[in-house]
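Encoded as structure tokens, the structure appears first; notes follow it.
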Amino acid sequence: MQINENQPFVPVILGGDIGAYSLAREFHEQYDVHSVVVPSVMTGITEHSRILLPRPFAQQDDPAAFAAFVSGLGREFGGSNGAKRPLLLLGAADQHIRFIATHAEELSEWFTIPYVGNAELDRATEKDAFYELCRDLGVSYPATVVHDCAGGSADPAALEAELAAEGVPFPAIVKPSDGVAWGALEFAGKKKVHTVASLAELTELTANASNAGYTGTLVIQDLIPGDDSGMHLATFFSDRSGKVRFVSCGRVIVEEHAPGALGNSAAIVAQPNDTAVAEGTRLLEELGWTGFSMFDMKLDPRDGTYKFFELNPRLGRNHFYITAAGHNVTRFYVEEYLRGGLAGGEELQVAGNRHLYNILPLRLLRRYLPSDMKSGVEELISAKRYSHPLYYKKETSPRRWFYILLSTVNHYRKFKRHHPAS
């Protein structure tokens with residue numbers, strides 16, 4: 001397919017995962033427009049679609065080449081300099097947001113960019129800076145030690161003393177403060193997030209990371225007890241003045257546990273969360289944030305508080321839970337950035353509808369329903385208030401639907417191999 005020259009604006013979406021496709025679907029549902037999607041490789045998510053034009057680019061780890069390619073898309077779809085067609089530049093992953101921020105000056109010749117700059121990204125998304133902000137504002141977060149890998153592997157005795165002083169026991173969670181740099185690393189056993197059972201495992205991990213070239217910091221945290229269903233998320237939209245205008249919250253049912261997908265939600269129930277709304281709003285307005293953001297947090301059964309883990313500077317991979325519950329996220333981009341500002345006054349809008357986002361076969365999902373969510377989830381299923389982002393009736397290719405069927409059923413194999421932690 002091609003983009004019609006009369007289409008009023010064009011979303012250009014960097015990435016090719018389920019979050020990128022969700023955005024293309026949401027633009028199509030809300031505005032009947034087609035998006036340009038830029039994956040690094042073609043997969044079944046972007047192949048044989050009637051709602052998007054894929055423009056794969058493999059060298060996304062080469063910033064100069066990628067910037068030249070994206071600028072070329074701007075020239076192609078933006079029209080002549082005398083009468084440019086509006087183009088929205090969006091990213092599906094953290095590395096895309098960092099790329100856009102770094103190259104904003106040259107890309108803004110063609111694109112409207114609904115993201116903050118590098119300085120704001122650093123303060124909000126580097127985990128040690130984020131936890132410092134939480135501490136200053138009195139927002140709960142897990143007991144944390146930050147280890148700097150620039151100096152090489154950790155001294156075990158010094159690290160053990162620091163962990164004890166901050167109250168971080170074993171087993172502990174270890175994750176990079178710079179997720180983009182971490183994603184570029186290669187070493188045996190690397191995961192998105194590590195769980196270490198001992199000081200020996202921790203020092204081995206710090207050595208492996210340093211030897212692989214990681215010079216950022218590692219965040220070592222108290223492992224909050226409980227299964228996946230203790231995880232919660234909250235997605236916010238802040239207008240260009242930094243005022244929070246919308247929030248939608250959700251509770252996770254189960255996450256994926258394969259090493260490359262660890263922490264990705266497989267099923268979410270959209271539902272209100274007053275604590276997340278209040279705490280997240282305080283953090284964002286202190287930051288002066290603009291555009292979308294998403295917080296991960298976990299309910300700590302030991303003290304009943306929500307512990308904030310991080311701020312994602314974009315819509316989450318599984319943000320379709322918001323649209324499925326009645327608030328199409330693309331409206332916020334278009335109204336605020338292309339049409340002069342959000343409609344409906346300046347009051348904070350809090351989503352209240354309950355809806356089930358789910359990418360698993362229902363039979364598999366039911367295996368992982370926690371006892372306190374079983375009846376509520378079954379009610380949503382009975383009422384047909386559940387959605388899968390790839391199940392879009394406007395898609396008519398049999399090859400595409402065959403891929404969706406196989407990918408859905410494939411979760412049985414993935415969950416058997418990488419059983420969710422209990």
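The values are calculated or read from the model by the stated rules, or taken from the named source; none is laboratory data. Because the structure is a prediction, the values reported are computed rather than measured. Don't worry about glycine lacking a Cβ; one is built from the backbone with ideal geometry, like all the others, and counts go over all protein chains shown. The protein model used for the area step is the full one, side chains on, heavy atoms only, and it has no ligands, DNA or RNA in it. Shrake-Rupley method; radii C 1.70, N 1.55, O 1.52, S 1.80 Å.
Quick look at the numbers
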| read-out | value |
| --- | --- |
| Residue match in the range 106-126 (condition: surrounded by fewer than 17 Cβ atoms within 10 Å (Cβ to Cβ), under 23 Å from the mean Cα position of the chain (by Cα), modelled with pLDDT of 90 or more and closer than 14 Å to P176 by Cα) | yes |
| The range 267-295: number of residues that are open to solvent by less than 30 Å² (accessible area, probe 1.4 Å) and over 24 Å from A24 (Cβ atoms) | 11 |
| Flag for Y412 being in a loop (DSSP other than H, G, I, E, B) and open to solvent by 60 Å² or more (accessible area, probe 1.4 Å) | no |
| Flag for E395 being charged (D, E, K, R), surrounded by fewer than 15 Cβ atoms within 10 Å (Cβ to Cβ) and closer than 21 Å to T323 by Cα | no |
| All positions within the range 82-128 that are free of Cβ contacts under 8 Å to residues at least 40 places away in the same chain, among the hydrophobic types (A, V, I, L, M, F, W, C) and either over 27 Å from N4 (Cα atoms) or touching a helix residue (DSSP H, G or I) at 6+ places or on another chain (Cβ under 7 Å) (or both) | A101, W110, I113, A119 |
| Whichever residue in the range 133-165 is surrounded by fewer than 15 Cβ atoms within 10 Å (Cβ to Cβ) and within 29 Å of the chain's Cα centre (by Cα) and, among such residues, is nearest to S71 (Cα to Cα) | A150 |
| Scope the range 177-192; condition open to solvent by 40 Å² or more (accessible area, probe 1.4 Å) and in a loop (DSSP other than H, G, I, E, B); matching residues | D178, A184, E186, A188, G189, K190, K191, K192 |
| Tabulated pairs, the range 295-312, first farther than 15 Å from V277 by Cβ, second of a type in the set (S, T, N, Q) and surrounded by 22 or more Cβ atoms within 10 Å (Cβ to Cβ), C-beta under 7 angstrom, 6+ apart or interchain | N312/S293 |
| Matching residues, the range 375-384, being of a type outside the set (S, T, N, Q) and open to solvent by less than 100 Å² (accessible area, probe 1.4 Å) | G376, V377, E378, L380, I381, A383 |
| Any pair with Cβ under 8 angstrom, 6 or more apart, that starts in the range 380-405 at a residue that is over 22 Å from F27 (Cβ atoms) and ends at one that is part of a loop (DSSP other than H, G, I, E, B) and of a type in the set (D, E, K, R) | L380/R354; R385/R354; R399/E47 |
| Condition broken by A234, with the remaining ones in (1) in contact with a Pro (Cβ under 7 Å, 6 or more places away or on another chain); (2) open to solvent by less than 20 Å² (accessible area, probe 1.4 Å); (3) of a type in the set (A, V, I, L, M, F, W, C) satisfied | (1) |
| Selection count, the range 316-363, where residues are outside any loop (DSSP other than H, G, I, E, B), charged (D, E, K, R) and within 30 Å of F415 (Cβ to Cβ) | 1 |
| Strands (runs of 3 or more DSSP E) lying entirely in the range 197-271 (those with 1 or more residues that are within 30 Å of A165 (Cα to Cα) and under 17 Å from the mean Cα position of the chain (by Cα)) | 231-238 |
| Which listed residue is open to solvent by less than 30 Å² (accessible area, probe 1.4 Å) and more than 21 Å from the chain's Cα centre (by Cα), from L90, L73 | L73 |
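Okay, residues lined up against (1) open to solvent by 10 Å² or more (accessible area, probe 1.4 Å); (2) closer than 28 Å to H319 by Cβ; (3) among the small types (G, A, S); (4) modelled with pLDDT under 95:
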residue: D227; (1), (2), (3), (4): yes, yes, no, yes
residue: G230; (1), (2), (3), (4): yes, yes, yes, no
residue: R240; (1), (2), (3), (4): yes, yes, no, no
residue: P259; (1), (2), (3), (4): yes, yes, no, yes
